[in-house]
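*Asks:* Quick one: this structure, given as structure tokens, is what I'll be asking you about.
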Amino acid sequence: MAPTMDHAADGANVAGSATDGAIETRGIEPVPDHERHGRVRELFPTWVAANISVLLLTMGAALIVFNKLNFWQVLIVAACAALVSFGLVGVLSVSGKWGGAPGAMLSRATFGVRGNLFPGAILWVARFGWETINAVTGAYAVLTVLDLVLGVKSNTALIVVTLFAFVACTFLVSGMGRKALNVCNKWSTYLFGVFSVLVLGYLVATIDWSEVFSKPAGTTAMMIAGIGTIAAGGISWVPTGPDFARYLPHAASGKKIVGATVSGAGLVMVPMVLMGGVMAVATPKLAEAPDPVSFLGDILPTWLAVPYLVTAIVGMLLINSLSMYSAGFTAQTMGVKLPRAMAVSINAIISLVGGLLLMLVAKSFLSSFITFLILLAVSFSAWIGVYAVDMARRRSRAVRYDAEALMDTGPTSRYWYVGGFCWQAMTAWTVALAAGICFTECAWFSGPLASTFVGKYGLGWAATIVISALVMAVLPTPRETGTATAAPEGAAQSEREPEKVPA
């Protein structure tokens with residue numbers, strides 16, 4: 001049987017480089033060596049932009065109001081969450097420069113060309129939810145600016161128009177691809193940084209710090225649970241980390257990839273979560289606001305709230321654009337026969353519909369958001385453990401990922417395994433996902449193991465990663481079928497060098 005080649009973008013990349021123009025036309029196919037001109041430092045503004053969200057303020061406030069933590073505990077929680085979640089993002093991003101392909105595509109080598117459809121489908125659905133949450137937050141920010149500047153009050157028609165405009169802008173930016181995102185990320189980082197410093201200065205000058213520092217400490221259990229809640233957003237980026245590293249040359253430093261990822265994310269996560277906690281001391285109702293943005297108009301003066309919100313709107317638009325950019329790859333990997341830019345439209349439509357339901361029907365944004373984060377972390381964690389073990393096994397191989405085999409979805413593929421499934425990876429993923437759900441407790445349901453130590457401390461996501469990794473590690477090492485193709489020209493030496501970053 002002839003190989004079944006999954007060439008996305010309908011042949012748009014046959015002639016010329018897929019990244020020469022302003023709009024990226026490359027789909028899920030691995031990036032050839034001659035197009036790998038990316039630099040590790042480009043990852044820093046990418047992960048800064050991926051965290052420019054006022055939701056972090058709301059989550060910081062929740063640590064004070066609901067978890068009963070004090071200032072120093074919130075600082076520790078934010079720092080640990082950034083290190084753990086984006087440390088995972090950074091480490092697994094290294095596989096992107098190994099294989100030159102998106103994470104959803106490289107995952108075929110782990111689960112098999114058919115088996116990959118199952119975790120891929122769950123990750124895709126979870127991505128819909130994340131994009132919907134971000135779109136709703138962005139729309140609320142626009143509504144707040146209209147209220148502060150023009151005195152226009154929110155209504156159903158305005159909500160629909162605002163959400164549609166936000167999703168449409170997200171679709172346009174994400175459709176343009178990597179180059180456009182890099183430029184937007186760079187300038188949004190500068191602007192948001194400037195206004196964040198101004199907000200921080202205003203808080204320093206106006207907040208009653210004696211009240212902030214006099215707050216009693218909360219329990220260790222609530223700190224650990226808080227780390228899981230804050231880290232959940234970062235964990236959702238782990239499968240898409242390779243998407244932004246695939247244009248890096250083989251010689252790019254793995255340690256620098258991890259460093260740029262963690263420092264970029266931490267630069268935003270830590271101060272914003274801490275700022276939200278400080279705001280909540282003075283205004284406890286912040287954590288219970290009907291939407292996650294309007295409170296800024298009450299806490300900050302208009303001259304500062306408006307420009308800060310405008311830059312935050314741009315930031316949230318970029319978060320969704322980054323998410324949709326990767327979602328396009330997931331759609332193509334799942335078999336959607338559309339160019340990447342058009343595949344993004346599926347997520348845009350679902351974000352619009354889901355956003356309208358959340359803004360017009362849901363009773364509590366925060367409750368829905370926290371519940372979603374809990375489920376999001378578990379669904380992504382099962383994939384992370386399996387993928388990490390498979391990645392670690394590939395460190396010593398001459399050819400870590402076979403580009404032709406990744407594109408081959410037929411029985412001739414090196415990653416066909418048994419009937420298109422890697423039974424070891426599928427077993428580990430299924431067992432861990434079921435266990436993670438059993439440890440989970442949220443507004444919708446309570447798992448049978450939710451009352452255990454793991455469940456009470458909100459460690460279901462961590463347990464899911466450990467279980468999936470352990471099961472994958474103890475099962476027999478999968479045997480790839482077919483014959484490996486040669487390592488890409490100019491990459492053979494670097495592919496054989498031991499990777500310095502633990503995988």
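*Asks:* Could you please let me know if S85 is touching a Pro at 6+ places or on another chain (Cβ under 7 Å), assigned to a helix (DSSP H, G or I), open to solvent by less than 10 Å² (accessible area, probe 1.4 Å) and not basic (K, R)?
*Replies:* No.
*Asks:* Enumerate the pairs (first residue in the stretch 185-203 and in contact (Cβ under 8 Å) with a residue 60 or more places away in the chain and surrounded by 13 or more Cβ atoms within 10 Å (Cβ to Cβ); second residue anywhere and in a helix (DSSP H, G or I) and among the charged types (D, E, K, R)) with beta-carbon separation below 9 Å, excluding pairs fewer than 6 apart on the same chain, so at least 6 apart or on different chains.
*Replies:* Partner pairs satisfying both residue conditions: N185/E42; K186/E42.
*Asks:* Tell me which residues, restricted to the stretch 98-136, are part of a helix (DSSP H, G or I) and among the small types (G, A, S).
*Replies:* Correct list: G99, G103, A104, S107, A109, G120, A121, A126, G129, A135.
*Asks:* Okay, moving on. Of all residues being in a loop (DSSP other than H, G, I, E, B) and of a type in the set (V, I, T) in the stretch 409-446, which is nearest to N116 (Cα to Cα)? Just the residue, please.
*Replies:* Top of the filtered list is T409.
*Asks:* I would also like to ask the following. Keeping to the stretch 283-309, report how many residues are open to solvent by 40 Å² or more (accessible area, probe 1.4 Å), at pLDDT below 75 and in a helix (DSSP H, G or I).
*Replies:* Qualifying residue count, the stretch 283-309: 3.
*Asks:* I want to confirm something. Restricting to the stretch 416-446 and keeping residues that are under 25 Å from the mean Cα position of the chain (by Cα) and modelled with pLDDT under 90, which single residue is most open to solvent (accessible area, probe 1.4 Å)?
*Replies:* W444
*Asks:* Checking the conditions here, which among S263, S236 is open to solvent by less than 30 Å² (accessible area, probe 1.4 Å) and under 16 Å from the mean Cα position of the chain (by Cα)?
*Replies:* S236
*Asks:* Does I23 satisfy the criteria of being over 24 Å from A473 (Cβ atoms), of a type in the set (A, V, I, L, M), open to solvent by 10 Å² or more (accessible area, probe 1.4 Å) and at pLDDT 95 or above?
*Replies:* No, not satisfied.
*Asks:* Next question. So in the stretch 313-338, with the set limited to residues that are of a type in the set (G, A, S) and touching a helix residue (DSSP H, G or I) at 6+ places or on another chain (Cβ under 6 Å), which one is nearest to R114 (Cα to Cα)?
*Replies:* Step by step, filter the stretch 313-338, then rank; the result is A331.
*Asks:* Can you name every residue in the stretch 114-168 that is in contact with a strand residue (DSSP E or B) (Cβ under 8 Å, 6 or more places away or on another chain) and open to solvent by less than 10 Å² (accessible area, probe 1.4 Å)?
*Replies:* Listed by number, the list holds a single entry, G115.
*Asks:* Further question on the same structure: Take V94 and tell me if it is part of a helix (DSSP H, G or I) and more than 24 Å from S294 (Cβ to Cβ).
*Replies:* yes
*Asks:* Pairs, please: C-beta under 6 Å, at least 6 apart or cross-chain, first residue more than 26 Å from V238 (Cβ to Cβ) and in contact (Cβ under 8 Å) with a residue 40 or more places away in the chain and in the stretch 69-82, second open to solvent by 10 Å² or more (accessible area, probe 1.4 Å) and among the basic types (K, R)?
*Replies:* Between residues of the stretch 69-82 that are more than 26 Å from V238 (Cβ to Cβ) and in contact (Cβ under 8 Å) with a residue 40 or more places away in the chain and residues that are open to solvent by 10 Å² or more (accessible area, probe 1.4 Å) and among the basic types (K, R), the close pairs are N70/K215.
*Asks:* Identify, from the list A377, A348, the residue that is over 28 Å from K456 (Cβ atoms), in contact with a Phe, Trp or Tyr (Cβ under 7 Å, 6 or more places away or on another chain), open to solvent by less than 30 Å² (accessible area, probe 1.4 Å) and part of a helix (DSSP H, G or I).
*Replies:* After applying the criteria, what remains is A348.
The values are calculated or read from the model by the stated rules, or taken from the named source; none is laboratory data. Values in this document were obtained by computation on a predicted structure and should not be read as measured data. Here the Cβ is made from the backbone with ideal geometry for all residues, glycine too, and neighbour counts use every protein chain on show. Side chains included, ligands, DNA and RNA excluded: accessible areas come from the protein's heavy atoms. Shrake-Rupley method; radii C 1.70, N 1.55, O 1.52, S 1.80 Å.
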